[in-house]
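The values are calculated or read from the model by the stated rules, or taken from the named source; none is laboratory data. Everything numeric in this text was worked out from a predicted model, so none of it was measured. In this analysis, Cβ positions are derived from the backbone assuming ideal geometry, glycine residues included, and neighbour counts consider all displayed protein chains.
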Amino acid sequence: MKLEVSLSPALYPFRTIDAHHTTVAVDILRATTAVCAAFHAGCECVVPLDSLEALPQYKKLGYALAAERNGSKVQGAEYGNSPTEYLRHDMHGIRLAYSTTNGTVSMLRAADADLALVGAFANLSALADRLRAENMDVVVLCSGWKNDFCLEDTLFAGALIERLGADPCGDAAHMALTLWRLAAGNPYDYCRLASHVRRLQALGAADDIPFAFQIDTCPVVPILKDGKLSL
């Protein structure tokens, strides 16, 4: 199994693995961690959206609205982008229409793969088991920050390469694996000075940061099909 890493959505169209493959969308801080948390709390389905304009029509269809921009919950949304918030609620029977700054963009970009999955440290083992069962080459699509590189998503890609024993394809994958081997003992501490960590701390979302680096807290594997995430 080969594994390639796209360091941002802007680089995803230039991947070399383009034939039969799985794409894993990842946004550790916080969208893919939050999606795993929502499903772990019982959420029925999640519709990822790349703009806020579509939210009202989903509200009319009975969806709860979850939306975030630049780290803050959007006015009028019932939920934001906090994994710890979702875990404090009983989400059974709830369908979410969900739009974030970076993560939902990557989820939608992943849709052209043969299989599109959501990944985070929160579901690392369950995700690795699913990828082994599918036995396709893998592209990890890092959400980054507004098409720029971010450290935490890249560390996750390295962790997944190591967990799978995959063949790193390209310099980004080799870099991700090297970084993970440096950080594996304490990835949260390794990322303390990362830009997204500091951004969320300034916004008062400090509880979400250490949670997002914990492994296997939400052992679910959301799958994107026909524009909708489900289990």
Report summary line: Looking across region 6-29 at residues that are in a loop (DSSP other than H, G, I, E, B) and in contact with a Gly (Cβ under 8 Å, 6 or more places away or on another chain), the single one that is surrounded by the fewest Cβ atoms within 10 Å (Cβ to Cβ) is THR16
Report task. Output the number of residues of region 95-146 satisfying the condition of being closer than 19 Å to LEU200 by Cβ, of a type in the set (S, T, N, Q) and either in contact (Cβ under 8 Å) with a residue 60 or more places away in the chain or assigned to a helix (DSSP H, G or I) (or both). Result -> 5
Query - Pair list, Cβ < 8 Å and 6+ apart or interchain, from region 186-207 residues that are farther than 16 Å from ASP27 by Cα to residues that are not in a helix (DSSP H, G or I) - result: LEU203/GLY71; LEU203/SER72; ASP207/SER82
Report task. Could you run through region 129-171 and say how many residues are of a type outside the set (D, E, K, R), more than 14 Å from the chain's Cα centre (by Cα) and on the phi > 0 side of the Ramachandran plot? Result -> 4
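Select from region 100-110 the residues that are in contact with a Leu (Cβ under 7 Å, 6 or more places away or on another chain) and under 11 Å from PRO48 (Cα atoms) and write down the one among them that is surrounded by the fewest Cβ atoms within 10 Å (Cβ to Cβ).
Initially, region 100-110 is screened for residues in contact with a Leu (Cβ under 7 Å, 6 or more places away or on another chain), giving 104, 106-107, 109-110.
Applying the additional criterion that residues be under 11 Å from PRO48 (Cα atoms) yields 104, 106-107, 109.
Numbers: THR104: 28, SER106: 29, MET107: 32, ARG109: 20.
Here the residue is ARG109.
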Report task. Taking SER143 as the residue in question, decide whether it is surrounded by 24 or more Cβ atoms within 10 Å (Cβ to Cβ) and within 21 Å of ASP18 (Cβ to Cβ). Result -> yes
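Quick one: in region 154-209, of everything that is part of a helix (DSSP H, G or I) and basic (Lys, Arg), which residue is surrounded by the most Cβ atoms within 10 Å (Cβ to Cβ)?
Quick first cut of region 154-209, residues part of a helix (DSSP H, G or I) only: 154-164, 171-183, 187-190, 195-202, 208-209.
If we keep only those that are basic (Lys, Arg) too, we end up with 163, 181, 198-199.
Values: ARG163: 17, ARG181: 12, ARG198: 13, ARG199: 14.
The qualifying residue surrounded by the most Cβ atoms within 10 Å (Cβ to Cβ) is ARG163.
For LEU200, indicate whether it is touching a Leu at 6+ places or on another chain (Cβ under 7 Å), more than 17 Å from PHE121 (Cα to Cα) and either modelled with pLDDT of 95 or more or not small (Gly, Ala, Ser) (or both).
Judged against the criteria, LEU200 is a match.
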Query raised in the report: Which number in (1) touching a strand residue (DSSP E or B) at 6+ places or on another chain (Cβ under 6 Å); (2) more than 24 Å from SER72 (Cβ to Cβ) marks the one condition that ASP153 misses?
Result: (2)
Requested in this report: Look at region 30-54 and say how many of its residues are farther than 18 Å from ALA111 by Cβ and either modelled with pLDDT under 95 or outside any helix (DSSP H, G or I) (or both).
Outcome: 7
